[in-house]
Amino acid sequence: MTAAYVVLDAVWRAESARIVAGVARVVRDVGRAEELAHDALVAALEQWPADGVPDNPGAWLAATARRRAIDLVRREQTFARKAEQVGHMEGSVSSPDTADVVADPVRAVGDDVLALLFATCHPVLARESRVALTLRLFGGLTTDEIARALLVASTTVGQRISRAKKRLSAANVDLDIPAGAELEGRLGAVLEVVYLVFNEGYAATTGADWVRADLCDEAMRLGRRLVALLPERPEVHGLLALMELQASRLRARVGPDGEPVLLAEQDRGRWDHLLVGRGLAGLARAEAETGTRRRDHYTLQAGIAACHARAGSVEDTDWAAMAALYAELAVVTPSPVVELNRAVVVGRAEGPEAALALVDALRDEPALARYHLLPAVRADLLTRLGRRDEAAVELERAAGLASNEAERALLRRRLEDLREAALGRG
């Protein structure tokens with residue numbers, strides 16, 4: 001039974017967005033699509049432990065959810081026809097014709113997911129609701145996991161997701177990829193969501209695994225579809241380049257036992273050089289499409305990632321060029337997180353003392369109050385300055401704030417190493 005549940009959990013996390021997107025194409029409603037997908041999940045929980053896991057569990061879930069969706073459409077259309085016959089029709093039926101649905105059992109799933117992505121980025125949704133719904137639909141995270149990632153109450157996340165689905169339904173948001181001005185109006189939100197999904201895969205906020213390659217792959221797939229859709233938009237090329245350059249390190253970011261491996265300790269021979277090449281080519285295209293205009297924040301971040309990709313080691317990295325890119329990024333998209341990342345690079349380019357001044361200026365930032373990387377970065381800088389007792393306090397705080405189990409374990413190992421070094425000196 002345990003094995004079946006483990007497989008189901010893994011498949012659901014990897015395939016839930018595709019399943020919901022395919023069902024949404026049938027019922028034309030995001031909330032109902034998610035409910036039907038969860039019905040299929042419940043059916044699997046009941047059947048798989050007794051009957052065994054299917055050969056293709058993702059296809060089983062998708063087919064089960066789709067059958068339930070078609071049954072629902074048929075029931076509603078039967079009711080609508082009967083109501084019309086007795087003169088009680090109050091409006092037109094919004095569901096697609098059942099014959100069209102049944103006649104097309106194999107849909108372009110990638111288009112379905114992209115269409116769902118544009119739907120969840122409709123301006124009728126506030127950003128906080130869109131982020132919560134995105135992590136639920138595309139990241140496969142539970143309400144509690146999203147709450148921990150966003151540092152808010154679980155009830156708040158539940159309310160945001162519920163309101164988002166109701167608003168999409170009430171606004172009768174079209175579940176097709178928009179065109180023209182409507183597409184332009186949603187593009188920024190779509191790119192933000194794609195990168196949000198990628199980041200959740202690159203460094204998972206919760207759970208035992210630090211990396212979820214399936215989410216990174218899905219985000220890059222969506223990025224490539226967007227490049228094909230909008231080949232002249234530099235920010236689209238910039239985002240895809242950024243994701244490919246960062247994803248090139250995935251194999252080296254995790255050790256044999258799943259433990260995180262930080263950039264300085266990574267075996268760069270394990271980096272995916274095909275992705276590096278694609279990312280650098282995408283960055284060049286983004287720069288060419290930008291021309292004389294100011295570079296967007298995705299292209300700037302891709303430029304930062306390219307500095308790592310081009311270097312054979314930490315020592316060979318052009319930290320000064322990276323610091324200049326971060327200074328430009330801070331103008332384009334000022335934020336405490338950008339400033340913290342800039343401080344890390346300044347620490348390499350100018351030394352830990354200059355970086356510590358930047359980090360200390362961020363200690364009272366409300367947005368970073370429970371951000372574990374603030375004390376983690378400060379601990380690294382204090383260690384390099386020889387202030388190990390203060391560094392230990394910061395590492396203790398960082399470990400307490402980290403919600404990902406693998407990352408928390410890494411911080412605790414760093415703390416133990418620091419304490420052992422202190423004992424050795426004693």
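Reported value for the chain: 168 Å³ per residue, from the convex hull of its C-alpha atoms.
Considering only A40, A115, A264, the Gaussian network model of the chain with Cα springs below 10 Å gives its largest mean-square fluctuation to A264. The packing ranking of peptides 201-210, 254-263, highest mean first, is 201-210, 254-263, where packing means the average number of other beta carbon atoms within 10 angstrom of each residue. Here the accessible area is traced with a 1.4 Å probe on the protein chains. For the stretch 184-230, carbon and sulfur cover 58 percent of it.
Over the chain, with the other protein chains present, what is the accessible area per residue in square angstrom, probe 1.4 angstrom? All intermediate terms of the calculation are to be shown ahead of the outcome.
Working: 20050 Å² over 426 residues.
Averaged over the residues of the chain, the accessible area is 47 Å².
Over the residues of the chain, the helix contribution to mean residue ellipticity at 222 nm works out to -23500 deg cm²/dmol, using -39500 (n - 2.57) for each DSSP H run of at least 4. Among A252, A132, A288, the residue with the largest mean-square fluctuation in a Gaussian network model of the chain, with springs joining Cα atoms closer than 10 Å, is A288. Long hydrophobic helices in the chain, taken as whole DSSP H segments with a C-alpha length of 18 Å or more on their own axis and mean Kyte-Doolittle hydropathy at least 0.0: 2-27, 180-202, 213-229, 234-247, 273-290, 297-310, 319-332, 336-349. Our summary gives the chain a relative contact order of 11 percent, counting only alpha carbon pairs under 8 angstrom and 6 or more residues apart.
Heavy-atom surface analysis with a 1.4 Å probe gives the stretch 319-410 a carbon and sulfur content of 52 percent of its accessible area. The tail of the calculated P(r) for the stretch 210-295 beyond 14 Å holds 65 percent of all Cα-Cα pairs. Scoring 175-184, 241-250 by mean Cβ neighbours within 10 Å over their residues and listing the highest first yields 241-250, 175-184.
When you count the other C-beta atoms within 10 angstrom of each residue and take the mean per peptide, 267-278, 381-392 line up highest first as 381-392, 267-278. Does the stretch 251-298 come out rounded, prolate or oblate, given a ≥ b ≥ c as the square roots of the eigenvalues of its C-alpha gyration tensor, rounded meaning a/c under 1.5 and, failing that, prolate meaning a/b above b/c? It is prolate, given that a/c is not under 1.5 and a/b is the larger ratio. When the chain is treated as a GNM with alpha-carbon contacts under 10 Å, the residue of G158, G291, G140 showing the greatest mean-square fluctuation is G291.
The values are calculated or read from the model by the stated rules, or taken from the named source; none is laboratory data. Keep in mind that what you see is a predicted model, and the values were worked out from it rather than measured. In this analysis, Cβ positions are derived from the backbone assuming ideal geometry, glycine residues included, and neighbour counts consider all displayed protein chains. In case anyone asks, the SASA skips ligands and DNA or RNA and just uses the protein heavy atoms, side chains included. Shrake-Rupley method; radii C 1.70, N 1.55, O 1.52, S 1.80 Å.
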